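This report refers to the structure that appears directly beneath it.
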Amino acid sequence: MTQRGVHFPERFSWGTSTSGYQTEGGGSNTDWWRYERAEGTHCAEVSGDACDSWNRYEQDLDLIVGLGLNSYRLSVEWARIEPQRGEFDSNALAHYQEMLEACHARDIVAVVTLHHFTLPLWVADLGGFECPEIATLMGIYARVVGDALGDLIGIACTVNEPNIVALMGYLMGLFPPAQSDWKRFSKVNVALRACHVAMRDALRSTPGEYPIGITLSMHEYEALPGGEELVESIRNETEDEYLRAVGDDDFVGVQCYTKLVFGPDGLVAHPEGELTEMGYLFWPQSVEFTIRRTASMVDIPIIMTENGIGTDDDEQRIRYLSQALDGLSNVIADGIDVRGYFQWSLLDNFEWTFGYRPKFGIVAVDRTTFERTPKPSAHWYAEATRTFTTPR
Ligand code: BGC
């Protein structure tokens with residue numbers, strides 16, 4: 001299937017998502033590692049060895065094969081590839097090359113994200129996303145990744161949820177660099193869009209003809225009386241400005257988990273209804289909603305690059321996924337061009353400030369032995385992808 005000279009996988013992508021920092025372990029050269037240990041940190045615990053996927057990635061890939069999924073979304077770590085400015089680590093690149101080759105050997109489409117929340121320390125020390133050179137730096141990094149790995153990439157995502165990086169890091173003060181300032185937040189959103197373009201263009205100039213896009217965190221929104229204006233301004237800044245900017249991309253990655261409710265005083269922390277472990281509203285309907293909204297604003301293919309639920313109750317996860325896939329089925333039946341669905345997440349992994357408490361995985365990971373054990377939801381999801389009627 002060809003779209004503007006790039007090759008989308010022939011088959012609908014059924015997969016799961018993870019990220020490097022949340023699963024590899026040992027991400028010590030990053031801003032997050034430092035933030036986990038900083039005074040006043042919002043992190044419940046440190047990431048440490050995460051799921052030890054740096055060493056156990058073959059087990060992870062075998063789990064995916066065992067479930068009959070055909071795609072895997074992972075991320076490569078800038079801090080490992082360019083540990084110091086201008087110094088590229090050939091061992092790290094070789095490691096990722098082996099990992100992507102291991103995907104190919106198993107007939108798994110490798111969906112590679114280049115930036116998933118973490119920055120190398122040297123970039124953070126230059127000012128991170130407020131550094132005037134940031135787009136250039138990310139473009140250089142992307143070129144190195146494209147040159148080394150381009151032939152093995154199935155689909156590339158430049159920046160994961162830039163809107164969350166900006167929101168949590170510069171407005172909510174919860175992710176590094178833990179700031180809270182609307183002007184800085186707004187400027188960082190602009191900078192992140194420039195980073196995406198620099199990375200996309202760098203990847204396009206290197207080997208491989210795979211689709212390239214950005215992934216966005218999207219929500220369904222509800223405004224209680226008096227909350228309407230707030231919803232409009234937040235949604236405009238965090239979603240619409242990005243959707244207006246992705247027209248030249250090959251696809252857009254949509255990621256959703258819930259519905260946000262705003263009242264006149266801001267976000268309602270505990271809205272009425274069934275809540276998940278993260279305190280989110282149980283809202284699988286957000287899949288259908290966010291895909292429809294995206295399709296109404298952009299004219300490029302959509303991939304649902306993340307969707308899932310943090311819960312200890314695997315029955316609740318199955319109920320969530322089941323309703324989410326019903327929504328997916330509805331939009332595909334209506335002819336919306338959706339090319340893939342990636343459940344978040346393959347493994348119970350490091351959930352940023354929340355640490356290891358929330359369980360997003362369809363596979364449990366023993367925190368001492370790192371033994372992986374598929375949950376009933378893993379088998380349920382595998383079976384659902386086989387019996388899903390529309391996209392074949
Ligand atoms: C992020 C993941 C995170 C997930 C669940 C997304 O915002 O991309 O890294 O683990 O949501 O909170």
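The values are calculated or read from the model by the stated rules, or taken from the named source; none is laboratory data. In this text the structure is predicted, and so the values were computed from the model without any measurement. Counting neighbours? That spans all protein chains shown, and the Cβs are built from the backbone with ideal geometry, glycine included. Surface accessibility is based on the protein's heavy atoms, side chains included, excluding ligands, DNA and RNA. Shrake-Rupley method; radii C 1.70, N 1.55, O 1.52, S 1.80 Å.
Some values worked out for this structure:
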{"read-out": "Residues satisfying the stated conditions in the stretch 14-43, i.e. open to solvent by 20 Å² or more (accessible area, probe 1.4 Å) and under 23 Å from MET99 (Cβ atoms)", "value": "GLY26, SER28, ASN29, TRP33"}
{"read-out": "Failed item, numbered, when GLY146 is tested on (1) open to solvent by 10 Å² or more (accessible area, probe 1.4 Å); (2) touching a residue at least 12 places away in the same chain (Cβ under 8 Å)", "value": "(1)"}
{"read-out": "Some residue of the stretch 228-243 being hydrophobic (A, V, I, L, M, F, W, C), within 30 Å of LEU152 (Cα to Cα), modelled with pLDDT of 95 or more and within 16 Å of the ligand (Cβ to nearest atom)", "value": "no"}
{"read-out": "Per-region count, the stretch 100-115, residues open to solvent by 10 Å² or more (accessible area, probe 1.4 Å) and under 18 Å from the mean Cα position of the chain (by Cα)", "value": "1"}
{"read-out": "Positions within the stretch 4-49 being assigned to a loop (DSSP other than H, G, I, E, B), within 30 Å of ARG339 (Cα to Cα) and either in contact (Cβ under 8 Å) with a residue 12 or more places away in the chain or within 16 Å of the ligand (Cβ to nearest atom) (or both), in sequence order", "value": "ARG4, GLY5, PHE8, PRO9, ARG11, PHE12, THR18, SER19, GLU24"}
{"read-out": "Matching helices (runs of 4 or more DSSP H) fully within the stretch 228-337 where at least 2 residues are of a type in the set (Gly, Ala, Ser), open to solvent by less than 50 Å² (accessible area, probe 1.4 Å) and under 29 Å from PRO9 (Cβ atoms)", "value": "286-297, 314-333"}
{"read-out": "Matching residues, the stretch 287-313, being of a type in the set (Gly, Ala, Ser) and within 17 Å of ALA378 (Cβ to Cβ)", "value": "GLY308, GLY310"}
{"read-out": "Test: residue in the stretch 67-86 that is under 21 Å from TRP344 (Cβ atoms), open to solvent by less than 40 Å² (accessible area, probe 1.4 Å), of a type in the set (Gly, Ala, Ser) and in contact with a strand residue (DSSP E or B) (Cβ under 9 Å, 6 or more places away or on another chain)", "value": "yes"}
{"read-out": "Residue match in the stretch 363-381 (condition: within 16 Å of the ligand (Cβ to nearest atom), surrounded by 17 or more Cβ atoms within 10 Å (Cβ to Cβ) and more than 25 Å from GLY154 (Cα to Cα))", "value": "yes"}
{"read-out": "Pairs where the first residue, in the stretch 335-346, is closer than 12 Å to PRO301 by Cβ and the second is surrounded by 24 or more Cβ atoms within 10 Å (Cβ to Cβ), C-beta under 6 Å, 6+ apart", "value": "ARG339/ILE303; GLY340/SER13; GLY340/ILE303"}
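Okay, residues lined up against (1) assigned to a helix (DSSP H, G or I); (2) aromatic (Phe, Trp, Tyr); (3) within 19 Å of ASP31 (Cβ to Cβ):
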| position | (1), (2), (3) |
| --- | --- |
| ASP62 | yes, no, no |
| LEU74 | no, no, no |
| ALA92 | yes, no, yes |
| MET99 | yes, no, no |
| LEU114 | no, no, yes |
| PHE117 | no, yes, yes |
| TRP122 | yes, yes, yes |
| PHE129 | yes, yes, yes |
